[in-house]
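*Asks:* Okay, here's the structure, questions in a sec.
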DNA sequence: GTTCATAGCTAATGATATTAGTTTTCATCA
DNA sequence: TGATGAAAACTAATATCATTAGCTATGAAC
């Protein structure tokens, strides 16, 4: 049976991402992951240097997918800077709702050390869109505020911390609008 | 040796919180926790219905401590609504930096089911302060936005997602100011 | 002084990540 | 064509966990 590779690193990572979404990160065991791939747990070590490294790879995939989702949305959006930003932030939120476990693993884990390149790939297009709205000056600060707002919102949603009802879609649009309005006002 | 209780539920929870802060949540094992308390692991089950229940209790403690820290800061703050809010949000952030692991465990864990009463104890004083700034109407939405902004900011800090330098203290003040300004503008 | 609930203990189980060493396959080259 | 060697899997073993079952010692109450 051995030699012709049964799996690829990509397949392992995608399967891991699927299982994490289906059962949660804590429930993912290397044994069951290997089982789903038709191999045994120790064989995974040929591809990844332990569980931590595997999860790091999953996070890279998640980042790629998020960047791609935001790009697609941003390209299809109007040229108006405000609309463009809102569209991208909506796509960000939709992504987080589509892959909640992977999202929180990638951006909500204190122990993980995020990849700088991946982080830049996520941040730079967003920073450009922010700069188009409120100017180049202070755009890093403005970006960080917007990211904090959106990440915080979806994180609190996903952790079940908004328990008092209300239209969470509409609220999201409103708070993004509030932040962008304040931003524009204070940079003029 | 048995009978005179060696531990109390409170001591267990406090010790667990300390160890979580010192070594991270994942590194906390019931064996070593029990060891630090001078008992054996199975004895913990007399006080808590498993590790999950213990962590739930730790989260309640964290919430209490955070509420208390914000209260203290809020009471000492000026009567000006803006200053008061900024002071409370700063205290929130300082708390998160003081107990990062406990903070992320309490508010960044998808699997945990937050206690509704604890959540209210955290939210209501804040909502009152928000209402004093931008009015009762829409104060829940305004509160959620502010919480999202602040939680998102500290969460991204604690997960090492702000890697491009800058004065993170000053940035925090600025983005809170931006949000509050936008809030006031759009509710007049 | 006996009784009995309490609070701890030991021992065992099943799951887990990880390591070491072994076996099978097949592409390459003599 | 047949031997060789690296690739890719495997089995077996270890150490660490959480959790459960059942036992033992303490001391308060009668």
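*Asks:* Which value in nm describes the separation of the simple spin-label points at residue B:113 and residue A:111, placed 7 Å from the Cα toward the beta carbon?
*Replies:* For residue B:113 paired with residue A:111, the spin-label model returns 2.5 nm.
*Asks:* At 7 Å along the Cα-to-beta-carbon direction for both residue B:94 and residue B:36, put a label point, then send me their distance in nm to one decimal.
*Replies:* 2.5 nm
*Asks:* Something else about it: Average partner chain C-beta neighbours within 10 Å, per residue of B:68-78?
*Replies:* Per residue, the average neighbour count from other chains is 0.
*Asks:* Then there's this: Once you have a ≥ b ≥ c as the square roots of the Cα gyration tensor eigenvalues for the protein assembly as shown, tell me rounded if a/c is under 1.5, and otherwise prolate or oblate according to whether a/b is larger than b/c.
*Replies:* Cα axes put the protein assembly as shown in the oblate bin.
*Asks:* I need to check one value: relative contact order of the stretch B:79-188, counting alpha carbon pairs closer than 8 Å and at least 6 residues apart, in percent.
*Replies:* This gives 36 percent for the stretch B:79-188.
*Asks:* Taking only Cα atoms, what is the 0 to 90° angle, nearest 10, from helix A:168-186's long axis to the longest principal axis of chain A?
*Replies:* For helix A:168-186, the angle is close to 50 degrees.
*Asks:* Can you list, shortest first in nanometers, how far residue B:79 lies from the same residue in the other copies, with each label 7 Å from Cα toward Cβ?
*Replies:* 5.3
*Asks:* Volume per residue, Å³, of the convex hull around the alpha-carbon atoms of the stretch B:63-186?
*Replies:* 110 Å³
*Asks:* Also: Evaluate the relative contact order of the stretch A:1-48 (contact order divided by residue number), counting alpha-carbon pairs under 8 angstrom at least 6 apart; express in whole percent.
*Replies:* 34 percent
*Asks:* Sorted from largest down, give the three principal axis spans of the alpha carbons of the stretch B:1-48, whole angstrom values.
*Replies:* 32, 17, 16
*Asks:* If you don't mind, another one. Defining the label point at 7 Å along Cα→Cβ, can you sort the distances from residue A:166 to the same site in each other copy, shortest first, in nm?
*Replies:* 2.6
*Asks:* Given labels modelled 7 Å from the Cα in the Cβ direction, how far is it in nm from residue B:26 to residue B:72?
*Replies:* 3.2 nm
*Asks:* Next up: If you count, for every residue in B:165-176, the Cβ atoms of partner chains within 10 Å of its Cβ, what is the mean?
*Replies:* 3
*Asks:* Compute the angle between helix A:9-23 and the longest alpha-carbon principal axis of chain A, please, reported from 0 to 90 degrees and rounded to the nearest 10.
*Replies:* Between the helix axis and the principal axis of chain A, the angle is about 70 degrees.
*Asks:* Here's another thing I want to ask about it. What are the nm distances, shortest first, from residue B:60 to its equivalents in the other copies, labels at 7 Å along Cα→Cβ?
*Replies:* Computed spacing set for this position: 4.4 nm.
*Asks:* Based solely on its DSSP helices, what 222 nm [θ] is calculated for the protein assembly as shown when runs of n ≥ 4 H residues each add -39,500 (n - 2.57) and the sum is averaged over all residues, nearest 500 deg cm²/dmol?
*Replies:* After summing the helix terms and dividing by the residues of the protein assembly as shown, the value is -23500 deg cm²/dmol.
*Asks:* Separate question: Can you put B:43, A:68, A:139 in order, fewest other beta carbons within 10 Å first?
*Replies:* A:68, B:43, A:139
*Asks:* Using r as the Cβ-Cβ distance of residue B:124 and residue B:49, and R0 as 25 Å, what FRET efficiency do you calculate, to the nearest 0.05?
*Replies:* According to the calculation, E is roughly 0.30.
*Asks:* Measure out, as a whole number of angstrom, how far apart the alpha-carbon centroids of the stretch B:82-112 and the stretch B:26-59 sit.
*Replies:* 24 Å
*Asks:* Separate question: Expressed as a rounded percentage, what relative contact order does chain B have, with Cα pairs under 8 Å and six or more residues apart?
*Replies:* 19 percent
*Asks:* Any chance you could run the full-extension gain for residue B:170 through residue B:185? It's 0.36 nm times the residue separation minus the Cα-Cα distance, nm to one decimal.
*Replies:* Once the chain is fully extended between residue B:170 and residue B:185, it gains 3.2 nm.
We did not get these values from a lab; they are worked out from the coordinates using the rules stated. Computed from a prediction, not measured in an experiment: that's the story for all the values here. All Cβ positions, even for glycine, are placed from backbone atoms using ideal geometry, and neighbour counts span all protein chains on display.
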